[in-house]
Amino acid sequence: MVSARLFKDLLELLAAQGKAVLYISHVLEVVEQICNRVIVIAKGNILADARPCDLTRLMRLANLESVFAQLVQQQETVGVAREMVEVMQISHV
């Protein structure tokens, strides 16, 4: 946990000094907290390029994770998880 906080602090300090930092992550909560610009790329195409707050506002969604899911047209994950659990139960009967 300390190393994650240290990493966030390091990124914030570098950004405050005007340094450009390329940070690639699927941990969208962290991206939303520390990045001032987000580029969403899927299958080689840029789907979005904006500030996280602008993306959530424009798409009228609660968080960056929801924005990402909608942009890349991810399936509804709860339903998919339920289907996976059902398959696991059948294979162990």
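Where a number appears in this text, it was derived from the coordinates with a stated rule and is not lab data. Remember, predicted model here, so these are calculated numbers, not experimental data. Note that each Cβ is placed from the backbone with ideal geometry, even for glycine, and that neighbours are counted across all protein chains shown.
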Practice item. List Ser66, Ser3, Ser25 from most exposed to least, where exposure is judged by having the fewest other Cβ atoms within 10 Å. Key: Ser3, Ser25, Ser66
Check your understanding: Dipole magnitude of the chain about its Cα centre, charges +1 at Lys/Arg Cβ and -1 at Asp/Glu Cβ only, in debye to the nearest 20?
Key -> 280 debye
Check your understanding: Who wins for biggest fluctuation among Val67, Val38, Val27 in a Gaussian network model of the chain, springs between alpha carbons below 10 Å?
Key -> Val27
Exercise for review: Counting helices only, and only those DSSP H runs with n ≥ 4, report the 222 nm mean residue ellipticity of the chain as the sum of -39,500 (n - 2.57) divided by its residues, in deg cm²/dmol to the nearest 500.
Suggested key: -17000 deg cm²/dmol
Revision key, fill the gap. Of the candidates Asn45, Ala16, Met84, the farthest towards the positive dipole end of the chain (Lys/Arg Cβ +1, Asp/Glu Cβ -1, centred on the Cα centre) is Ala16
Point to revise | Order of Ile34, Ile41 under a 10 Å beta carbon neighbour criterion, fewest first | key: Ile41, Ile34
Exercise for review: Kindly put Cys53, Cys35 in sequence by how many other C-beta atoms sit within 10 Å of each C-beta, fewest to most.
Suggested key: Cys53, Cys35
Review point. Hey, got the dipole for region 23-76? About the Cα centre, +1 on K and R Cβ, -1 on D and E Cβ, debye to the nearest 20?
Key: 180 debye
Study note, to complete from the structure: Listed residues Gln70, Gln33, Gln17; largest mean-square fluctuation, Gaussian network over the chain with Cα springs below 10 Å, found at Gln17
Review point. Which angle from 0 to 90°, rounded to the nearest 10, does the C-alpha axis of helix 2-16 make with the longest principal axis of the chain?
Key: 40 degrees
Check your understanding: With point charges of +1 on the Cβ of Lys and Arg and -1 on the Cβ of Asp and Glu, referenced to the Cα centre of region 1-84, which listed residue (Leu64, Asn36, Leu6) lies farthest in the positive direction of the dipole?
Key -> Asn36
